[in-house]
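Beneath this line is the structure, given in structure tokens, with notes to follow.
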Amino acid sequence: MDFNYTPEQEQYRMAVRSWLEENQPPPLTAEERERISEDLLWERNKRWHKRLYDGGWIGLSWPREYGGRGASFVEQLIFQQELARLNLPIGINVLGIIMTGPALMQWGTEAQKARYLMPILAADEIWCEGMSEPGAGSDLAAIQTRAELQGDYFVVEGQKVWTTVAHRSDFCQLFVRTDPDVPKHRGLSALLVDMHSPGVSVKPLRQMSGDAEFNEIFFDDVRVPKENLLGPLNQGWQVLVSTLMHERFGISETIGGSEVILSQLIELAKEVEMDGASAALDDDIRQQLAQFAIEVTAKKYNGLRALTKRLKGQQPGAESSIGKLVSTELSQRMTKFASRLLGNFATLERHSAFAPDGDWMRRTLQVEALTIAGGTSAVQKNMIGERMLQLPKG
Ligand SMILES: Cc1cc2nc3c(=O)[nH]c(=O)nc-3n(C[C@H](O)[C@H](O)[C@H](O)COP(=O)(O)OP(=O)(O)OC[C@H]3O[C@@H](n4cnc5c(N)ncnc54)[C@H](O)[C@@H]3O)c2cc1C
């Protein structure tokens, strides 16, 4: 099997690389570092998204009719690798692009696709994903938020939690219970909900990193036009499962940065001293870095399995769980390893004059969430056991 890229793909990589190098946003100024906040980063990222969009790099693998470029998944992967190489963000509206967009393409009516897909790519409309509830996280079939069809509207009542970017969103792909009298998997539906509707309120939740990127959403008598039903009524479970598969495929792809974390750790090991000598000369550190390199390589080749399936035109399946599990656990262990190299400096916040480059303190706190978001590691292991290894249900 030949894992090398073709000359055309390498040429494509060079075109991506030179565009990114010429157009990448300037580093934060000293003044911006001083007053850094989530709002400031969002605005910077939004400008970057627009530039990527105008350059035709957003939605690379989406069909042209929906505003994409009809590029192959390999080209999409190359683009993401090059973004990661320069440590650049992917833009905003990530959930709209990796989850709602593909779900709309799979389940949406022609009118829904025409209405929603283009503004998702342009990030003119920001989307969030309303799945988890206080009593329904790993077990999403337990969703309790109700939607009752009354004439031309669904009337929604209930609460969601942990909803990423809900506080900045214009729309939510919302999963609701539309039939409470059938077995729980069979009574769910998916709705496309305007977050500016009367009765929607959003309450941010602050994380240990100090950011408030996710939220609670409360729905109080919210009226949603019945044409905003996504997929068939009461078949929301199928829409949900496919949306999650797209998320896991998207997460394992967008966390393609583990190669980058590895190279950052190698550079860090060369820079810092341990017991009066370069950390890069320490046997234990070298072995650990070598172990990471082995895992990064194994992760890369496993990722090609999921990619091969997409290249054959198939939807992502349970193999996306392997990518999600491995990439998030590995990124988590590697990011935390920086603390071993940095010692006490690892605890300094980025505002501090003595903080090491790389924002390791914040990254160490943020990386904790990776193995929970998008389904916990334990849940991914269940999926792999049951769906891929055909083990009996636990
Ligand atoms: C950063 C972040 C962003 C998120 N964004 C969103 C979002 O945008 N939209 C959204 O809807 N949700 C979002 N979530 C929620 C996320 O999907 C849930 O937190 C996750 O699915 C786990 O659900 P839970 O928190 O209710 O934990 P629980 O399901 O209560 O799990 C608690 C513990 O029990 C374990 N467990 C549960 N069931 C099993 C089982 N069957 N077998 C083995 N172990 C099990 C879990 O692994 C976990 O350790 C986000 C979460 C995070 C951290």
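The values are calculated or read from the model by the stated rules, or taken from the named source; none is laboratory data. Remember, it's a predicted structure, so these values are computed and weren't measured experimentally. Note: ideal-geometry Cβ built from the backbone for every residue, glycine included; neighbour counts use all protein chains shown.
On the given criteria, is Gly394 away from the ligand (no atom under 16 Å from the Cβ), without any contact (Cβ under 8 Å) to a residue 40 or more places away in the chain and farther than 30 Å from Ile36 by Cβ?
On the way: away from the ligand (no atom under 16 Å from the Cβ): no; without any contact (Cβ under 8 Å) to a residue 40 or more places away in the chain: yes; farther than 30 Å from Ile36 by Cβ: yes.
The answer is no for Gly394.
Please find, among Ala298, Ala279, Ala290, Ala306, the residue that is surrounded by 20 or more Cβ atoms within 10 Å (Cβ to Cβ) and over 19 Å from the mean Cα position of the chain (by Cα).
Numbers: Ala298 fails: surrounded by 20 or more Cβ atoms within 10 Å (Cβ to Cβ); Ala290 fails: surrounded by 20 or more Cβ atoms within 10 Å (Cβ to Cβ); Ala306 fails: over 19 Å from the mean Cα position of the chain (by Cα).
Among Ala298, Ala279, Ala290, Ala306, only Ala279 is surrounded by 20 or more Cβ atoms within 10 Å (Cβ to Cβ) and over 19 Å from the mean Cα position of the chain (by Cα).
Out of the range 348-392, which residues are exposed (fewer than 15 other Cβ atoms within 10 Å of the Cβ) and modelled with pLDDT under 85?
Answer for the range 348-392, where residues must be exposed (fewer than 15 other Cβ atoms within 10 Å of the Cβ) and modelled with pLDDT under 85: Glu349, His351, Ser352, Ala353, Phe354, Asp357, Asp359.
Quick one: count up the residues across the range 368-391 that are β-branched (Val, Ile, Thr) and more than 10 Å from the ligand (Cβ to nearest atom). Show your work before the answer.
Let us first name the residues in the range 368-391 that are β-branched (Val, Ile, Thr), namely 371-372, 376, 379, 384.
Subsequent filtering for residues that are more than 10 Å from the ligand (Cβ to nearest atom) retains 384.
Number satisfying all stated conditions: 1.
Within the range 4-34, can you find the residues that are of a type in the set (Asp, Glu) and either exposed (fewer than 10 other Cβ atoms within 10 Å of the Cβ) or free of Cβ contacts under 8 Å to residues at least 24 places away in the same chain (or both)?
Glu8, Glu10, Glu22, Glu31, Glu32, Glu34
Mind checking which pairs have a first residue in the range 358-383 that is assigned to a loop (DSSP other than H, G, I, E, B) and a second that is within 8 Å of the ligand (Cβ to nearest atom) and among the β-branched types (Val, Ile, Thr), Cβ under 8 Å, 6 or more apart or different chains?
Filtered contacts from the range 358-383: Ala373/Thr164.
Go through (1) assigned to a helix (DSSP H, G or I); (2) of a type outside the set (Val, Ile, Thr); (3) near the ligand (Cβ under 10 Å from one of its atoms) and name the single condition Phe337 misses.
Of (1) assigned to a helix (DSSP H, G or I); (2) of a type outside the set (Val, Ile, Thr); (3) near the ligand (Cβ under 10 Å from one of its atoms), only one is false for Phe337: (3).
Would you confirm whether or not the range 133-153 contains a residue that is within 22 Å of Thr109 (Cα to Cα) and outside any strand (DSSP E or B)? It would help to see each step written out before you state the result.
Of the residues in the range 133-153, the ones within 22 Å of Thr109 (Cα to Cα) are 147-153.
Those still in the list that are outside any strand (DSSP E or B) too: 151-152.
Yes, the range 133-153 contains a residue that is within 22 Å of Thr109 (Cα to Cα) and outside any strand (DSSP E or B).
Working only within the range 97-107, note down all residues that are crowded, with 20+ Cβ neighbours inside 10 Å and either more than 16 Å from the ligand (Cβ to nearest atom) or assigned by TED's automatic domain parsing to the domain that holds His167 (or both).
Leu104, Trp107
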